[in-house]
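One structure is given below, encoded as structure tokens.
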Amino acid sequence: MSVVLATPTSVFHVEFGEGRFEIAIRRHPRSKRLSLRLSRATGEMVLTMPMRASLASAQSFAQAYAGWIATRLQKQPEIITLAAQSTFPLRGVMTLIVNHPRVAGGVMLTCDENGDAQLHVGGDVSHVPRRVKDYLKKQALHDITFGVKHYEAKSGLKSSRITLRDTVSRWGSCSSQKALNFSWRLIMAPPLVLDYLAAHEVCHLKEMNHSPRYWALLNALCPHVEEAERWLKKHGAGLHRFR
Ligand SMILES: [Zn+2]
């Protein structure tokens, strides 16, 4: 993976029809030309440009593509903040966040009389998104560690450590030092998807590739490879809209 050194982001706007759309600028040392893309991680429209290109050239470039920008930005799924009264998937189950401002800041998962899942978050309403995210990371580490241990015991392989990150390009990775890394967002997916990712990375402890030998090992170990891969392909990107 290449390291991208980008200068801090600045923004400008283009207009199209009734709309005004924000464009984030990234100047990039290896960029040779102007290009536009929709960031999957942040939902932003990003214009990448060479270090020395002028802002005016970027603006006229973006204006020429204003129709395309408008369509792409309007089509993308809505960003959902993990705040009080929001609903988000937890282990694949839609869960309502309920804030209790007068209860000291704990987090508790329950279900109401209809069997609907609720995540109760104590403390000031402004702290809810941070508390929910901390809770989700803790739960993710717990479930992923459980899954990794399970597949380590089954395969006789052993990782050196497990860490969590908020990666966009992949759900998990395995380093040559046998450190496994996962996206905490997997806690939102159905449990079989998280379980599959644990198996996927444990198998990389033996095969650092996606060769037929690797897939044979993984399929022998994990019963729902195909189902999980299908779910990730269809719904995986959607997990990035919860912030
Ligand atoms: Zn892999």
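The numbers here are math on the coordinates, done by the rules we state, and not lab data. This is a predicted model, so every value here is computed, not measured. Cβ placement follows ideal geometry from the backbone for every residue including glycine, while neighbour counts extend to all protein chains displayed.
A few remarks follow.
- Filtered by the rule that a residue be basic (Lys, Arg) and farther than 22 Å from residue 157 by Cα, the range 197-242 gives 230, 233, 234, 241.
- The set of residues in the range 117-144 that are buried (at least 17 other Cβ atoms within 10 Å of the Cβ), touching a helix residue (DSSP H, G or I) at 6+ places or on another chain (Cβ under 9 Å) and among the charged types (D, E, K, R) contains only 143.
- Every residue from the range 198-240 that is under 16 Å from the mean Cα position of the chain (by Cα) and of a type in the set (Lys, Arg): 233, 234
- Looking only at the range 204-218, and only at residues there that are surrounded by 13 or more Cβ atoms within 10 Å (Cβ to Cβ) and within 8 Å of the ligand (Cβ to nearest atom), the one that is farthest from residue 151 (Cα to Cα): 214
- Residue check for residue 103: within 20 Å of the chain's Cα centre (by Cα) and of a type outside the set (Ser, Thr, Tyr): no
- Close Cβ contacts (under 9 Å, 6 or more residues apart or on different chains) running from residues in the range 127-146 that are within 23 Å of residue 196 (Cβ to Cβ) and in contact (Cβ under 8 Å) with a residue 40 or more places away in the chain to residues that are crowded, with 16+ Cβ neighbours inside 10 Å and polar (S, T, N, Q) comprise 140/183.
- Residue pairs whose Cβ atoms lie under 8 Å apart, separated by 6 or more positions or on different chains, with the first residue in the range 212-237 and in contact (Cβ under 8 Å) with a residue 24 or more places away in the chain and assigned to a helix (DSSP H, G or I) and the second within 13 Å of the ligand (Cβ to nearest atom) and small (Gly, Ala, Ser), are 221/199; 225/199.
- Test for residue 201: is it assigned to a helix (DSSP H, G or I), in contact with a helix residue (DSSP H, G or I) (Cβ under 8 Å, 6 or more places away or on another chain), within 16 Å of the ligand (Cβ to nearest atom) and over 21 Å from residue 90 (Cα atoms): yes
- Summed over the range 151-185, the residues that are more than 14 Å from the ligand (Cβ to nearest atom) and within 17 Å of the chain's Cα centre (by Cα) give a count of 7.
- Of all the criteria given as (1) within 30 Å of residue 108 (Cβ to Cβ); (2) within 17 Å of the chain's Cα centre (by Cα); (3) within 16 Å of the ligand (Cβ to nearest atom), the one not satisfied by residue 147 is (2).
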